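Down below is the structure, laid out as structure tokens.
The values are calculated or read from the model by the stated rules, or taken from the named source; none is laboratory data. Just so it is clear, the structure is predicted and the values come from calculations on it, not from any experiment. Positions of Cβ are backbone-derived with ideal geometry, glycine not excepted, and every protein chain shown enters the neighbour counts.
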Amino acid sequence: MDQRLTIITIGVEDLKAMTTFYETAFGWKTLSSSNEQISFFKLNGILLSLYPKEDLALDAEVSSEGSGFNGFAMAFNVNSIQEVNELFEDLKQKGVQIIKPPQNAFWGGYSGYVCDIEGNLWEIAYNPFLNLDESGNVTD
């Protein structure tokens, strides 16, 4: 199996509200392939999709029951501490819930956490050990 990732799908309770959140709070645009049953956002090299949680569980043949911490977080890395702070300020102004304000991290970087309206965690970070190109792609 190749070492790559094509799509991250979040199973959501309210597709319309979650799509609106990513469009307004993050300023992302849906792809034309999105419809009333699924939303796609093109990120840098992968897709983020939003799909009804019950339907996703049915497709995978697993239970949709569960609550609390989902056991994962998505990360949005930038090139400086200032960029982290600016993003947090912008998201705060848009009413995005700040879970952990940005701060120096034990691993040597600077990061904090926000969540979408259904509690999915997003780390916004500056990692001095991670090299990003001008598009935000990891280079090594």
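Looking across the stretch 54-79, the residues that are of a type outside the set (A, V, I, L, M, F, W, C), surrounded by 13 or more Cβ atoms within 10 Å (Cβ to Cβ) and in a loop (DSSP other than H, G, I, E, B) come down to 64, 70, 79. Determine, yes or no, whether residue 51 is outside the structural domain of residue 19 (by TED's automatic domain parsing) and either surrounded by 14 or more Cβ atoms within 10 Å (Cβ to Cβ) or touching a strand residue (DSSP E or B) at 6+ places or on another chain (Cβ under 9 Å) (or both). The answer is no for residue 51.
In the set (1) assigned to a loop (DSSP other than H, G, I, E, B); (2) within 30 Å of residue 66 (Cα to Cα); (3) touching a residue at least 60 places away in the same chain (Cβ under 8 Å), the condition left unmet by residue 135 is number (2). Taking the stretch 15-53, which residues are part of a loop (DSSP other than H, G, I, E, B) and of a type in the set (A, V, I, L, M)? Of everything in the stretch 15-53, those that are part of a loop (DSSP other than H, G, I, E, B) and of a type in the set (A, V, I, L, M) turn out to be 25, 31, 43, 46. Would you confirm whether or not the stretch 55-63 contains a residue that is within 14 Å of the chain's Cα centre (by Cα) and of a type in the set (Ser, Thr, Tyr)? No: the stretch 55-63 contains no residue that is within 14 Å of the chain's Cα centre (by Cα) and of a type in the set (Ser, Thr, Tyr).
Residues of the stretch 89-101 include none that is within 15 Å of residue 11 (Cα to Cα), in contact (Cβ under 8 Å) with a residue 60 or more places away in the chain and buried (at least 17 other Cβ atoms within 10 Å of the Cβ). Residues in the stretch 71-89 that are of a type outside the set (A, V, I, L, M) and within 22 Å of residue 137 (Cβ to Cβ): 8 in all.
Within the set 21, 76, 72, the sole residue that is of a type outside the set (D, E, K, R) and touching a Phe, Trp or Tyr at 6+ places or on another chain (Cβ under 8 Å) turns out to be 76.
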